[in-house]
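**Q** What follows is a structure written as structure tokens; I'll ask about it next.
The values are calculated or read from the model by the stated rules, or taken from the named source; none is laboratory data. Not measured: the values here are computed from a predicted model. So basically every Cβ, Gly included, is an ideal-geometry build from the backbone, and we count neighbours across all protein chains shown.
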């Protein structure tokens, strides 16, 4: 029981640190959808559900718990990428990192 409590406490600290980093990054980048607080809460909620499931349901399949835990950060990263790169249509002839330099050469 002491090991479970220690692991649960460490997980809570890790989730709090991750939520603070997501909040800070979302405020810096200026994510299009939602607010920085909303993304932090989403990360805490999905991680909390995964942690609660892992602690209270010993027979829960680990891949399912990991998918739920990764859902919040994954959704944030997808929205962050969309906010940074915009809604421009994809150009199959150029790499995203090469787009600005290629535009300069075309002129």
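**Q** Please list, ordered by first then second residue, the pairs with beta carbon atoms under 8 Å, 6 or more apart or interchain, first in segment 1-14 and part of a helix (DSSP H, G or I), second at pLDDT 75 or above.
**A** From segment 1-14, the pairs are 4/55; 8/51; 8/55; 11/47; 11/51; 12/51.
**Q** Something else now. Which of the residues spanning segment 22-36 are surrounded by 13 or more Cβ atoms within 10 Å (Cβ to Cβ) and either at pLDDT 90 or above or part of a helix (DSSP H, G or I) (or both)?
**A** Across segment 22-36, the qualifying residues are 22, 23, 25, 26, 27, 29, 36.
**Q** Restricting attention to segment 75-92, report how many residues are touching a helix residue (DSSP H, G or I) at 6+ places or on another chain (Cβ under 9 Å) and without any contact (Cβ under 8 Å) to a residue 40 or more places away in the chain. Talk me through it step by step, then tell me what you get.
**A** Kept after step one, since they are touching a helix residue (DSSP H, G or I) at 6+ places or on another chain (Cβ under 9 Å), are these residues of segment 75-92: 75-76, 79-80, 83-85, 88, 90-91.
The next check asks that each one be without any contact (Cβ under 8 Å) to a residue 40 or more places away in the chain; those that pass are 75, 85, 88, 90-91.
Residues that pass the stated criteria total 5.
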